[in-house]
1. What's the angle, to the nearest 10 degrees (0 to 90), between helix B:141-155's Cα axis and the longest principal axis of chain B?
2. Would you kindly derive the ³J(HN,Hα) couplings of the range A:896-902 from the backbone phi angles with the Karplus curve 6.51 cos²θ - 1.76 cosθ + 1.60 (θ = phi - 60°), listing them in order in whole Hz, with x for Gly and Pro?
3. List the trypsin sites (Lys or Arg not before Pro) within the range A:911-999 that DSSP assigns to loop and that have no more than 15 neighbouring Cβ atoms inside 10 Å.
4. Can you tell me the FRET efficiency between A:Glu200 and A:Ser79 if r is taken as the Cβ-Cβ distance and R0 is 30 Å, rounded to the nearest 0.05?
5. Between A:Arg834 and A:Asn929, what FRET efficiency comes out of the Förster formula 1/(1 + (r/R0)^6) with R0 = 41 Å and r the beta carbon distance, rounded to 0.05?
6. Full-extension gain between A:Glu382 and A:Leu31, please, as 0.36 nm times their residue separation minus the C-alpha to C-alpha distance.
7. Between A:Lys48 and B:Ile97, how many nm apart are label points set 7 Å from Cα along the C-beta direction?
8. Go through A:Lys292/A:Lys365; A:Lys528/A:Lys857; A:Lys471/A:Lys699; A:Lys453/A:Lys857; A:Lys345/A:Lys453; A:Lys345/A:Lys456 and tell me which ones have a Cα-Cα distance over 24 Å in this structure.
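Just so you know, all these numbers are worked out from the coordinates, no wet-lab data involved. These numbers were taken from a predicted model, which means no experiment stands behind them. Here Cβ is always computed from backbone atoms with ideal geometry, including for glycine, and neighbour counts include all displayed protein chains.
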Amino acid sequence: MPESQVNPAPDPLATKSYSVHLLVSTLLLMLTLVWAIYDEVEIMRPYKEYQARFRGYYTGFLMQKVRPEQAAKEEAVRSSAEYRALDAKVNEAEAAAANRVREIDTESAGVTARMTDARGAFQILRSEMDALRYLVEVSHDDEEKDDLRADIEDIRQRVVTAALTKTDGSGEVEEVEMKFDQLEDEFLGMQTRRAELQAERLAVLGAADAARQERDAFMSEQLVGLNSTQIDGLITKMRDFPIDIKQIHLSDIDLVDRCESCHLGIREPVAIGRADLRYPVFQSHPRPELLKIHDPEAFGCSSCHNGNGRATRSITKGHGRHKFWLYPLYHRENVEAGCQQCHAKEVVTPGAEVLNAGRSLFLNKGCWGCHRFESYDAESEELTTVRQAIGNLAATRAANAKEQQVSLDLGDSASDAAESRRHYARAEELRLTNTTIDAELHNLREEDRNLAKEVKKFGPSLKEIKVKDRKEWIPVWLENPHEFRPGSKMPVFRLSDDDIRKISAYLWQNALDGDLQQHPQGNAENGKELFETRGCLGCHSIGEGGERIGGNFAANLSRVGEKTNYNYLVRWIRNPAEVTPDPNVPDAMRPRPVMPSLRLSLGETRDIATYLAGRKTDAVYAAADYMDDTGLAAEGKELIRHYGCAGCHEISGLETEGRIGTELTLEGSKPLERLDFALKTHEAETEGWYSHKGFFEAKLENPEVFDEGKEKAHLEKLRMPDFNLSPDEIDALTTFLLGAVDTAFPEQYRYEPEDERADVQEGWWILARHNCTGCHQIRPGNVSSFMTMPRYTDDPDWAEQLPPQLYTEGARVQPEWLRGFLKNPALSETSLDRNGVRSYLHARMPTFYFSDRQISKITKFFMARDSQPIPYSPEPMEPLTAGERAIGRQLFTSEAAPCLKCHISGVPSRDVNASAPNFLIAAERLKPNWTFRWLLEPAAIAPGTAMPSELFRDDNGRWVFNGEIPVAARNYEKDQAELLTRYMFQMDNAELRRLQALQ
Amino acid sequence: MDWHQLWTIVSLPDNIPIVGMIFILPFFTWYGLRQAFANDRLIDRLEADPDLAKTHHRKVEPFQKGWARELHVWPYLLRMEFLAAVIVTVILMVWSIALDAPLEEPANPSLTMNPSKAPWYFLGLQEMLVYFDPWIAGVLMPTLIIIGLIVIPYIDENPLGNGYYTFRQRKFAIWTFIFGFIILWSTMIVIGTLIRGPGWMWFWPGMTWDHNRVIFEINRDLHEIVGITSQPWIGLFGGAVVGGFFAVSGYACHRLITATAFSRKILERMTLAQYVIMQALLIIMLSLPVKIAARLLFRVKYVWVTPWFNI
């Protein structure tokens, strides 16, 4: 059967239709295309939704809340008499100018129209000529050039018809036939006339403008927040608000921040709260004052806050809170970490209180005993450098001297004169070099002496324990210091019983032997009073739990009687610098204690020591004879080295031990993989704390946390001791560590000033190390230990006993005086047992063991803070006339201003009741400018001061006494406050006697 | 069973192709083979019935008389290819929208990531580094692979099977492909992706990739196991073992190649050079799984240690 006869079913390959497949897959393709576009335009750009919402909410917020509120405030200002007077003035001036202005405006309109018309015709001709002129310039054929010039001249002579508006204000148009030059004249003439008219208009309206400015200035002065025009401006801005990426680009550090694409309210001039625009994302920056000094246009956002400034796709990506972004956004509690990266040289940064707390903890919990951190304990490193430099220079000097001798000898024995001269010249050169070296050495040795005084270990010297402490107490203390003294700075080491025995044996056997002077017991009751008022509690605390009073800079002394013997306490309190002689350490090399001397009399010292020695519980201490076992001691030394005790304490035989911990200066930028989460890695990853923050927090909360589950020998375990930190303290320290980064910012971004602001930075280090803020208020918001004690808060008499505020110390006192005062606060070589300035205060300004360099730095600190120059050169003061002196005397003693009632005047019988500083030393201590301001408004300088305010009133730019004006002063024309200042600064003994006689 | 860990690995955008490969590769192998077997059956029928052979062509579709023996590329092939192109485009677009490029943190030269993995298509090579020295695994082997691929058309002159799927006529080629590509190459990629964790340690699926994991694994050279301690005996011993391997596996391959009448016929057509080159490449390919087995099962580090190279 031939194939053709068969009628087979159609071949599916050739005939099967794929239309449906094609249709479906093409539709799918179109669908994915649509999806791709939607993804690109919407899903990948979530900020569009944010911006649309912001526009709506913000406009509503402005219209419904801000505008009415501000309108009410504005209305209040408008209805005030002053405003109405100013407004009337504006209207008056405007009315006066109105006629002339109208005339000018009419003429100006005509002139402008005619000018525009003339310009049109004029420009056509000029363009034609310019084109030909160009051809002349580029032509190389003189004949052609001449032809072209002729053409130009033809155009110049061409008469054209121009339609010009008349200037009479009728608006009529006249047809004028003109040549090019005439048109030009017409145009320039109109231009000149218009300028004249405009100048005249300004002049005519001058008075009205000035009045309006005055009125508006008054309004902006009186009105808190924005005025209605500004608010309307914002509303208009929202109406035309473009939906796009809002970006800050800093080209020098290649920073691109698009944070404001979603955080749209951050820089708005209206304060937007978290809930005002429904979503917290739209709130304005909670601390706008910070943005004023760190303009986002110059600093960006992520430079302080971290996060991924470029990313706009999702919150997680923008905030950089995922595994692959190395700089995740700081959490709220650690936000000040961002400050540290540029303010790394500071220990106090105003406004960054959490960070300051972290730095303070690092300093005052002794973290730097084990962990190096740049700037902390910088003195010991400087000392090493200086000593090395001294060694090098001395060696160079010796070599030079030797070569000098050789050159001299060679010169003596040289055969010819030239040779001899050459050798002598060389010897001379070396001699001169050595003279220079001598000068350098002198400076370095001076610095060495200063530094030797400044270098201080964190903890007490353990060389003293034999003369100081009870033997059996030592192992108890080592086992758990926080049990004996809750909150102690000595952390809890995880020592085995064996460790404790060995360590205490070594410490005991290597402590110094010495004899203490024996003292009779004092009066404990008086001791308690002195202890609580002399200033001990500025640093120390006493009492436990709710009973606790005092500062936390130094030890809590509630149980000090259990450990320290009475005679040692007397020696230590009376003169902390006195130590048991150590044959191995010369006196100059001996570190000075942080504890200052309060210049107490022996009696007072005994009273306090008696009181403290009685502070004990009836705890029983087990005998510790093993501490005399020399075998244990040998092993103890290795353990002490292992646990790094010598990082904080002076220990015999371990004076040169280094730090055992890891350096933390750049800990925040250490790669996360280098932080050993050990067996916690997986847990941290799944629970979301696999981050620097998580590591620091876990480690600070429980220093052995990363040993959990690990099989380790006792000495292989993590050594970091437990400080029992509170959650706030952990936050503060974490903030500090997170900010401890290797900053990528160039120098101009970092806060490393070289002017007087550097003095402020340096000064804070000394102030922080010596706890000046324990007694004084140096910065607003700073609460001293005294201010927390019930005695000072509850009793108004005692409130006057608070140590002085030092907010404006630099403006108040003269630098040279301050230097002397810091060296010897008694201001006397003989009677040390007193305060030099405020002898009425129970609390005493102690004598610190400052080096000269430190004193100089502190002085510079106070001066720099108040922008005061060093050295201080007083303005010459106008001498007092006899009449003025009499007025001054009368003012000084008047009923309304009884200065001598409070101020010390040098009469012992009266000074007993004095409660204000000694004004006899005013001339050498104070600055006249400050004194003048102080007289006018003391409360503005020292809030809460007992010095009365409003002693003077403003009488047309002149200050006059506010009380009954003394007879002699009634006809006095000049400033009376200024007179009083001069009187004080020109006080001499004769005048003083006269003054005292009046009293 | 750490499901979280398993999901982390499987869902990583980088690993999606591998996970896909695990399913797609066997599927298409099966699909191709099914076609091959169908064709083989057709070939059987045509060989048995000469009449049928005159009118039939080797189409897989159930053949009917009257159908054209050949079809034009346009439109019959191209429309299918176009359809395929559209579908692939859809898949690629959905993929690129749904999964972001797996970018990680900026590179830090002083800190390598752990595990540090090559792109997925190179993971087989990286896995080979476990078993051979870098210059063998990273230079010699890849070069041989490329050379091997280049010489295939010069070794394999069998004209049968061109343009249609068949198993019976290309048994040797198909087995070599299945062994060399699917079993060796792809499996190594899967191991490298899913099995190798931190420290390039072996983690079974579902085990936690623990960076702190410590395992006791001491690899020794073969001569140490036997107890030979000094050169040149070490070198000679290793050479003998490697030579022995070549001899034994060469013989085994030869037996395999000469197993059927069909393959003997093909062998007869080959020149000696073709045969030797083929044998050499085959044996070297075979050495890879042998070394893997020796390493993973018997902890053998090197078989042949010489002052110049180690294998």
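1. Approximately 20 degrees, to the nearest ten.
2. Per-residue couplings from phi come out as 6, 9, x, 3, 6, 5, 9 Hz.
3. Filter output for the range A:911-999: A:Arg958, A:Arg970, A:Lys974.
4. 0.25
5. 0.90
6. Using 0.36 nm per residue and subtracting the Cα-Cα distance, I get 119.3 nm.
7. 1.4
8. A:Lys292/A:Lys365; A:Lys528/A:Lys857; A:Lys471/A:Lys699
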